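Okay, structure first, notes after.
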Amino acid sequence: MAGQSLEFWTRLLHLPGFVVVHCQEELQPPRYCFTVAAEQPLGVCPHCHKASEEVHQTRTRERIVDLPISGSAVELKVRACQFLCERCGVAFTPDVPFLAEGAHATERFLARAAQLIRSSDVANVAKFFALPEQTLARWYYDFVERCRAAGSAPLKPISRIGIDELSLKKNIGSSSP
């Protein structure tokens with residue numbers, strides 16, 4: 001694909017610090033496969049906190065599920081650099097911020113799936129995204145636990161109390177309106 005098209009896909013996917021280096025469109029089933037790589041190959045050593053540009057090796061995480069585009073599934077191949085720290089001699093791979101830990105999915109995909117699961121169920125959402133139900137269930141529960149551990153959903157004061165109308169009618173007696 002032309003460079004201009006890759007720039008378009010990079011802007012559309014909006015994966016911070018990463019650019020689309022290859023795009024493949026498949027017609028059956030409708031799917032986009034994108035290969036993304038770090039914009040700037042640079043990592044900070046977790047031991048000595050020194051920046052390193054020396055790439056030791058590159059690994060590719062494949063079959064990463066992302067949000068669909070216009071009815072087509074999206075699959076990412078993420079090229080992640082492993083760096084060698086010149087100061088301590090340790091090899092390290094920086095975290096990729098948009099990838100979910102322990103899942104072959106992006107954080108935004110899991111957030112959207114969790115939102116849908118809360119108003120439906122795992123089976124329907126798995127069918128909607130064409131994923132195995134057990135896989136999505138595992139990803140969902142891991143995502144919810146990570147969110148709970150991170151405290152991303154702080155408790156809020158109660159602002160509204162719902163009333164069960166049937167119970168209320170039962171307690172009124174036999175006088176029907």
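The values are calculated or read from the model by the stated rules, or taken from the named source; none is laboratory data. Note that this is a predicted model, so its numbers are computed, not measured. All Cβ positions, even for glycine, are placed from backbone atoms using ideal geometry, and neighbour counts span all protein chains on display. Heads up: the accessible areas ignore ligands, DNA and RNA and are worked out on the full protein's heavy atoms, side chains in. Shrake-Rupley method; radii C 1.70, N 1.55, O 1.52, S 1.80 Å.
The number of residues in the range 106-124 that are over 27 Å from Pro16 (Cα atoms) and of a type in the set (A, V, I, L, M) comes to 2. Across the range 126-146, a minimum of one residue is classified as assigned to a helix (DSSP H, G or I), over 30 Å from Pro29 (Cα atoms), out of contact with any helix residue (DSSP H, G or I) (no Cβ under 8 Å at 6 or more places or on another chain) and not β-branched (Val, Ile, Thr). Among the residues of the range 90-113, which ones are open to solvent by 60 Å² or more (accessible area, probe 1.4 Å), in contact with a strand residue (DSSP E or B) (Cβ under 8 Å, 6 or more places away or on another chain) and in a loop (DSSP other than H, G, I, E, B)? Once the filter is applied, which keeps residues that are open to solvent by 60 Å² or more (accessible area, probe 1.4 Å), in contact with a strand residue (DSSP E or B) (Cβ under 8 Å, 6 or more places away or on another chain) and in a loop (DSSP other than H, G, I, E, B), the range 90-113 yields Thr93, His104.
So that you can scan it fast, the table gives a plain yes or no per residue for (1) within 24 Å of Thr135 (Cβ to Cβ); (2) touching a strand residue (DSSP E or B) at 6+ places or on another chain (Cβ under 8 Å); (3) exposed (fewer than 13 other Cβ atoms within 10 Å of the Cβ):
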| position | (1), (2), (3) |
| --- | --- |
| Ser5 | no, yes, yes |
| Gly17 | no, yes, no |
| Gln40 | no, no, yes |
| Glu53 | no, yes, yes |
| Pro68 | yes, yes, no |
| Gly71 | yes, no, yes |
| Gln82 | no, yes, no |
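Looking across the range 121-148, just one residue is over 17 Å from the mean Cα position of the chain (by Cα) and either at pLDDT below 90 or open to solvent by less than 60 Å² (accessible area, probe 1.4 Å) (or both), and that is Ala123. Does Asp164 qualify as being of a type in the set (Asp, Glu), surrounded by 17 or more Cβ atoms within 10 Å (Cβ to Cβ) and either modelled with pLDDT of 90 or more or over 14 Å from the mean Cα position of the chain (by Cα) (or both)? Taking the combined requirement at face value, the residue does not satisfy it.
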